[in-house]
1. At a 10 angstrom cut-off on C-beta neighbours, averaged per residue, how do the peptides 80-92, 170-182 rank from highest to lowest?
2. Multiply the residue gap between Q344 and R232 by 0.36 nm, knock off their C-alpha separation, and tell me the result in nm, one decimal place.
3. How would M271, M205, M190 line up from fewest to most surrounding beta-carbon atoms within 10 angstrom?
4. Which whole-number percent gives the relative contact order of region 59-281, counting Cα pairs below 8 Å spaced six or more residues apart?
5. Mind pulling up the Rg/Rh value for region 69-114? Radius of gyration and Kirkwood radius, both on Cα.
6. Taking the number of other C-beta atoms within 10 Å as the exposure measure, put M245, M315 in order starting with the fewest.
7. Based on Cβ point charges of +1 for Lys and Arg and -1 for Asp and Glu, what charge dipole magnitude is obtained for region 59-281 about its Cα centre, in debye rounded to the nearest 20?
8. Would you mind putting 48-61, 94-107 in packing order, based on average other-beta-carbon counts within 10 Å, highest first?
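No lab work stands behind these numbers, since they all come straight from the coordinates. Note that this is a predicted model, so its numbers are computed, not measured. All Cβ positions, glycine included, derive from the backbone under ideal geometry; neighbour counts span all protein chains shown.
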Amino acid sequence: MSDLGTLHQRVNASPYASGRAPHPDDDPSADHSSTERWGGGIDDGLVFVPATKEQAKARVALVGPSGSGKTYTALQLATGLVAGDPTTAHLGGRGIGVIDTERNSASKYAHLFQFSRTRVPLQDFDPNRLIRALAAAAAQDIPVIVIDSFSHFWAGHGGVLELVDQAARHNYGGNKFGGWNEVTPRERQMIDALLSYPGHIIVTMRAKTKYVMAEVNGKQTPRKVGTTAVQREGIDYEFDVVGEMDASNTLSITKTRCPELNGRVIAQPGMELAYNLLKWLNDGVPRPTINDLRAAAAQPEATKADLRELYSQAMNLGLGNAVTFGDDRRTLLTLTEYISRRGQQAPDHLAAPPVANPADQSTGPGAGALPPAPAEPPPSTSPTDPASGPTSDHSAGPAAEWPMAQPPGAPWDNAPPASNEPDHSPQF
């Protein structure tokens, strides 16, 4: 089977593959008075179908004050997620990428855990920087990403709060409401990029701290505790598992969609937590990722009809606005923009293979054989090419570097935020 056929089998296994569901208006004897009153029939996307549990990728948030063990626990979980999955266990440290906002503090654990990190540590925390970093990691097929810490993209240099202040001061006469209207779509794009990442995501978040008096050995002793995460209020809604850590390195699960973890309190959590989480995540029918759809769209034999089908699936999966790299491996596009560009270049139908000349009377072993296809140009191995993978030798050290794409003039650089309203019709 061709690569395109294999990819189509994979993406078509999902209930999100397009195909018209039985429609109430198909009954010619049905009463159409309500249809006429409301201006149309039932949209195919609003037809109710049986729910099925789908496989998923982890979305975990660890919240705690300084010294609670957030980074160490995140690396433990990441190691367990890679080692516990047969499809990634062979990758070892190459399967974990750390986006470190804490001046490479995660590398202090490089003698205990194997992982990769961005070659240049992040020092500017504009949401678009995280979008680019996640797109680069996806292009390198890194199955687990640790963001340590996610709080910087809210309250750090160039983060959301600073962007709001700048926008309000420069464009709205100090009016914060105007600043929020300008910056919120960019923040939403960052959250969408995090949620649509084709692998597991673990984030750490700082907690606002206070001291309470606690009795220790019969004496009242001040104890540091975390209160709320340093991030937008309600950010925990975006994650499947949220845990709060305290100064004794104890993890309390405060929110989870995994029934086995509900209400658990785990002292110094280790890889067992990752294994339990994987069991829940891997139960269900496969769900295509942005990388699956992009790979199918990139096939040279994909026709316009194939790409319209992929466009529809991207929208049905909620991945239309997910970000990926274009074919130049530098320009960032939404997935539907990428599929549309491929569709504009794709043939309407595949050309029939050439037929051997009947006049050719050769009887040798190569008689009638098609000429060999021209050789594919070798893939780029430029150090700035995000899809060429890490350029460092991972066997040389546990904390290897992986390049983060920083294309000059990329559409996310100083550009007005794209509309959150998806375009439901492919432009080809």
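1. Details: 80-92: 17.2, 170-182: 13.8.
By packing density, highest mean first, the sequence is 80-92, 170-182.
2. Gain in length upon complete extension: 36.3 nm.
3. Fewest-to-most ranking of M271, M205, M190: M271, M190, M205.
4. 28 percent
5. Working: Rg = 10.7 Å, Rh = 11.0 Å.
Over the Cα atoms of region 69-114, Rg/Rh equals 0.97.
6. Numbers: M245 25, M315 22.
In increasing order of surrounding Cβ atoms, one gets M315, M245.
7. Details: 24 positive and 21 negative charges, 79 e Å.
For this selection, approximately 380 debye.
8. The packing order, highest mean first, is 94-107, 48-61.
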